[in-house]
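Heads up, the thing below is written out as structure tokens.
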Amino acid sequence: MSGKRLKRQILKKKLFTKNRLVILNEETFEEIFSLKLNLMNVFVVLTGGAIFLIAITTYIIAFTPLREYIPGYASTKLKREATELALKSDSLEKAIKMNNAYIESIKKVLAGDVEVAKLSKDSIMAAEQTAASEVNFKPSKQDSILREKVAQEDKYNLFDKAQTKVNLVLFPPVTGHITDKYDPKNKHFAVDVAVPKNTPIKSVANGTVIFADWTPSTGYVIIIRHGEGIMSVYKHAASLTKTQGDVVRTGEVIAMAGSTGQESTGVHLHFELWKDGFAIDPTNFIEFE
């Protein structure tokens, strides 16, 4: 026990023994600076300095932009830009898929390799066909009561305003005799209307020109995209007055009738009408004669 106590006293004496640090001029031995210290002071100062450096480093890494220059730490700006680019790339991917689907639809329009949509004259949307024998046309008791109630209300309603049920009205592109009708069985997804040469061809509705160019088989062709998924196609024109990207209004002249292309059999308008990628009979919605 006495040996251990002696060692402690010796260690304590070494730690707290005061020493003097003196800086002298080498040539004149003049005292320039002196400092009284002991080992304990040195230990405390070094420990405090180390803790201070660790604290400063932690603060810089956690709360200042200087951490971006430390290897292994990503820039906040780079992270934000990477996130924005990821969102943009996702949006672009969706847009590319939509454009590809749209281009495939245009290819089908130009090639005529499509399915035929069966439409009702009362609706521009494809109608589900049901056998007449399966439909019960007799009104139920509740239906009869409701009909009578509505009739009584309408009888004395002076402020009832009539509203159209047609969402889109199509304007005749030309007026003339139909020489070749719509015949999907023979893959003729259009009507051919005979007209004099250079007859103005007009847009059937408001829309945007998505294709306007020359094709070897059908000559000058112009395709217009309208609302509600409808596209109109005009082929064998002598010349075009609109270009791709132009916005047209109902009844606006878009081309002049002619007989261009290898498949043309004379001066006429080859007119097609499409709904959501399906060919439909234009005569169900347009009077050409």
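Report yes if some residue within the stretch 260-269 is under 25 Å from residue 169 (Cβ atoms) and part of a loop (DSSP other than H, G, I, E, B); otherwise report no. Looking for residues that are under 25 Å from residue 169 (Cβ atoms) and part of a loop (DSSP other than H, G, I, E, B), one finds none in the stretch 260-269, hence no.
Restricting the stretch 223-241 to residues that are at pLDDT 90 or above and open to solvent by 40 Å² or more (accessible area, probe 1.4 Å), the residue that is farthest from the chain's Cα centre (by Cα) is 239. Among the residues of the stretch 31-59, which ones are at pLDDT 90 or above and of a type outside the set (A, V, I, L, M)? The answer is 47, 48, 49, 52. Annotation note: Cβ proximity below 9 Å between a residue of the stretch 250-266 that is assigned by the TED database to the domain that holds residue 205 and closer than 12 Å to residue 239 by Cβ and a residue that is among the acidic types (Asp, Glu) and open to solvent by 20 Å² or more (accessible area, probe 1.4 Å) (sequence gap 6+ or interchain) occurs for 254/246. Within the span defined as the stretch 182-204, one or more residues are at pLDDT 90 or above, crowded, with 20+ Cβ neighbours inside 10 Å and polar (S, T, N, Q). Test residue 276 against the criterion of being among the acidic types (Asp, Glu), under 23 Å from residue 103 (Cβ atoms) and either crowded, with 19+ Cβ neighbours inside 10 Å or modelled with pLDDT of 90 or more (or both), and give yes or no. When the stated conditions are applied, residue 276 does not pass them.
The values are calculated or read from the model by the stated rules, or taken from the named source; none is laboratory data. Just so it is clear, the structure is predicted and the values come from calculations on it, not from any experiment. Cβ: placed from backbone, ideal geometry, glycine included. Neighbour counts: every protein chain shown. Side chains included, ligands, DNA and RNA excluded: accessible areas come from the protein's heavy atoms. Shrake-Rupley method; radii C 1.70, N 1.55, O 1.52, S 1.80 Å.
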